[in-house]
Each structure stands twice: as structure tokens, then as C-alpha cells.
Amino acid sequence: VRFRCPDCRNNYVVIFFFFFFFVTAKDKSEKIFALAFVKLMRYDGTTLRDGEHDLIVYKAEAKKLEDASTYLSLPSTKIELEEKGHSATGKSMQNLGSCTISKDSFQISTLVCSTKLTQNVDLLGLLKWRSNTSLLHQNLKQLMKVDGGEVVKFLQDTLDALFNIMMENSESETFDTLVFDALVFIIGLIADRKFQHFNPVLETYIKKHFSATLAY
């Protein structure tokens with residue numbers, strides 16, 4: 001299943017999976033007996049990780065399952081369930097809130113394609129560095145450990161962040177070396193054959209967007 005999400009930065013973007021059964025063979029009317037769900041945005045501001053996810057299957061009365069407030073505050077994956085101190089491998093059903101966790105499991109595989117949302121918390125920290133300047137030193141160092149494919153997707157935003165850090169901290173040399181190392185790292189990525197097709201993006205940035213006078 002492929003779909004577009006206009007603004008996945010909204011923490012309330014959720015994918016639902018409903019499970020139905022036929023009430024009678026004659027009228028073939030459907031009734032919800034269970035559901036699973038997953039949130040596209042994580043608590044730290046990053047998107048759902050690519051890969052497989054073991055979702056919890058919740059059972060409850062049909063009316064309760066039609067009311068999202070009944071379960072949206074509950075964990076959606078088995079990993080989240082374990083993080084909250086509950087067992088995800090029990091043979092018997094568990095009650096959580098007004099829902100029952102089924103012994104059944106439901107697995108999905110996801111792949112997020114976006115040039116606005118990242119799955120890497122370190123890159124996100126750099127892009128939003130003003131919101132927590134105390135972590136800026138750490139975020140700059142961690143940038144060199146971020147997967148190159150993730151960095152080049154956010155090439156303009158990353159360069160903007162680096163030059164803004166330089167401009168807004170011009171009275172101190174605290175971040176000069178780290179910003180310089182980060183710029184060298186990014187240029188090295190673009191020079192790599194794997195990412196050479198991003199070279200026109202870098203050239204366009206230099207010609208049309210670059211305005212950090214202190215970097216000359």
C-alpha cells in the first residue's frame with residue numbers, strides 16, 4: 001500500500017488496520033472485532049523507522065474500537081509495550097485500559113520517502129539546533145556518523161543550519177572547527193560516486209541560496 005501524507009509533522013497521523021468478521025452469512029454485514037495501529041511520528045520528532053514492525057492487536061467491543069480515544073494513548077508495537085514494562089510474549093491475553101491485547105500478532109513493513117522528515121534523531125537535532133543549543137556541540141559531532149544517504153536528502157537544510165550556526169555564533173570560536181569539519185564531511189559525500197548526482201543540488205545552493213558572508 002502506497003499513500004501520500006501532506007503533512008506528517010502532525011503527531012496525530014496514524015495508520016489504522018481494522019479486522020472484521022461477517023455477522024451472518026446471509027446479510028454479509030461486517031463488524032469490527034480487533035484493530036492495530038501505528039503512529040508515523042515518534043516521540044522524539046523523527047519518523048517511523050523503515051523495516052518490519054510487530055503491531056499489537058487490540059480487541060474490544062465494536063463501539064469502543066470505533067472511538068480512537070480508547071486506544072491511541074496505548075502502545076502500538078510490541079517494542080513500545082515492553083518499554084512500558086509489559087510482557088509482549090505472554091501466552092494469555094492481557095488487559096490494557098479498556099482493551100484486551102490479543103495473542104495474535106500483526107506485522108507490517110514500512111518505507112518512508114521524504115525530504116522533509118528524517119528518521120535520524122542526530123540529524124533532526126542539528127536541523128532544529130535553535131530549540132536546544134545545549135546539544136549543539138554533540139549534534140555537530142554526531143553529524144559525521146549519520147548515514148550519507150540521509151544527509152544528502154536534507155542537503156540544503158543541513159547547509160543552512162551549519163552556516164546559520166556560524167553566523168549566529170560569530171563572536172565565539174566555539175563551533176568553528178566543528179562546523180568546518182561538518183562542511184568538509186558533506187563535500188566529501190557529494191564527491192563520492194555514490195552521491196555524485198547531488199552535485200547539481202550543491203551547485204544550485206552555492207549560486208542561489210548561499211549568503212553566509214562570514215564563510216568567505
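Quick check on region 183-214: of everything there that is in a helix (DSSP H, G or I) and touching a Phe, Trp or Tyr at 6+ places or on another chain (Cβ under 6 Å), which residue is farthest from Asp122 (Cα to Cα)?
First, pick out the residues of region 183-214 that are in a helix (DSSP H, G or I): 183-191, 193-209, 213-214.
From what is left, the residues that are touching a Phe, Trp or Tyr at 6+ places or on another chain (Cβ under 6 Å) are 189-190.
On the way: Leu189: 17, Ile190: 20 Å.
The residue in question is Ile190.
Let's see how each residue does on (1) open to solvent by 40 Å² or more (accessible area, probe 1.4 Å); (2) modelled with pLDDT of 85 or more:
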position	(1), (2)
Cys5	yes, no
Asn11	yes, no
Phe16	yes, yes
Leu35	no, yes
Lys39	yes, yes
Arg49	yes, yes
Glu66	yes, no
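Select from region 80-89 the residues that are surrounded by 13 or more Cβ atoms within 10 Å (Cβ to Cβ) and either modelled with pLDDT of 85 or more or within 20 Å of the chain's Cα centre (by Cα) (or both) and list them in ascending order.
Glu80, Leu81, Glu82
The values are calculated or read from the model by the stated rules, or taken from the named source; none is laboratory data. Remember, predicted model here, so these are calculated numbers, not experimental data. Note: ideal-geometry Cβ built from the backbone for every residue, glycine included; neighbour counts use all protein chains shown. Ligands, DNA and RNA are stripped out before the accessible areas are found, and what is left, the full protein with its side chains, is counted by its heavy atoms. Shrake-Rupley method; radii C 1.70, N 1.55, O 1.52, S 1.80 Å.
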